[in-house]
Amino acid sequence: MMWLNRKLLYADYFLMILGSGCLAFGIVSMYSPVGLVTGGFSGIAIIVKQVSSISMEREIPLWLTNFVLNIPVFFAAWKMKGADFVKRTGFSACMLSVWLYILPTADMTQQDPMLAAIYGGVLSGIGIGLVLLAKATTGGTDLLAVLIQHKLRHYSVIQILQIIDGLIVVAGLYVFGVKTGLYAVIAIYITSKVSDALMEGMKFSKAALIITDCYEKVAQALMKQLNRGVTGLYAKGMYSDTEKCLLYCVVSKKEIVDLKEIVVEIDPYAFVIVSDAREVLGEGFLEYTKI
């Protein structure tokens, strides 16, 4: 058991290193060369770099701004989330600053803001998603979003992150102009979709609501053949004015075809509603793990 826990810990730190590297590469090679402010402390760092190059005639490096801004946030995280969380996030934040320091500045998009928004968004989304999968963040607004989500559980980390980053993008409008800001919105959208898909895309299941007069036979067949639980919800048909039993069953994406075949075989006139179940926690699906 100790060996397994250690192996999982090493895997998490590998994800943090890889994720922070992807994020840093997107910032250095995609965002910074075209002045694309997509939010985060890295976005603030891009603004500071631009302003300092004009006012001071000397650029403040991205890694330095990112490192300094993270310090007060970590004090709050230590109090709210505990030492273990701060340790992981601290490692990710330091790795991001290290990657920002060692990666050479190279304009991979040839001053094309659209390419920067698309590819930078994909790289950032992969980076953020990998780090969050390791139960950490890269610090900055990522960490702020996790701390806020600790209090507002009905919002996802990505949703909160979008709001915070949006405010930073507005600040970037005054430095780089409206056109660049609009491209930044595209990059943020892509980042959120990619990171969402990475964190939750493999967790999708299917929820089926079945209306049939043969509900007992259908329920028994589903439980026996698919080994899935079925819940009966008693309701009343308003058109027929009769009592009915609605069957509710959650299955994997692969099993939904078998479910429909089982239902139709027993009752060809059954009414089946299938919808996406974004994340299912419990026996036979996923275990809940705190971030």
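Conditions first: (1) closer than 22 Å to Leu69 by Cα; (2) in contact (Cβ under 8 Å) with a residue 12 or more places away in the chain; (3) not β-branched (Val, Ile, Thr). Tyr174 passes all but one, so which condition is the exception?
Tyr174 satisfies every listed condition except (2).
What pairs come up if the first residue lies in the stretch 98-114 and is more than 12 Å from Gly26 (Cα to Cα), the second is in a loop (DSSP other than H, G, I, E, B) and open to solvent by less than 70 Å² (accessible area, probe 1.4 Å), and their beta carbons are under 7 Å apart, counting only those six or more places apart or on different chains?
As it stands, the answer is Pro113/Leu36, since those pairs meet every condition given.
Which members of the stretch 40-74 meet the condition of being open to solvent by 70 Å² or more (accessible area, probe 1.4 Å) and over 21 Å from Asp165 (Cα atoms)?
Ile54, Ser55, Met56, Glu57, Arg58, Glu59
With the requirement that a residue be under 18 Å from Cys22 (Cα atoms) and under 11 Å from the mean Cα position of the chain (by Cα), what does the stretch 138-160 give you?
Asp142, Ile158
I need a count of the residues in the stretch 201-233 that are of a type in the set (Phe, Trp, Tyr) and farther than 14 Å from Val251 by Cβ.
Total satisfying the criteria: 1.
The values are calculated or read from the model by the stated rules, or taken from the named source; none is laboratory data. What you see is a predicted model; the values in this text were computed from it and never measured. All Cβ positions, glycine included, derive from the backbone under ideal geometry; neighbour counts span all protein chains shown. Calculation scope for accessible area: heavy atoms of the full protein, side chains included, ligands and nucleic acids excluded. Shrake-Rupley method; radii C 1.70, N 1.55, O 1.52, S 1.80 Å.
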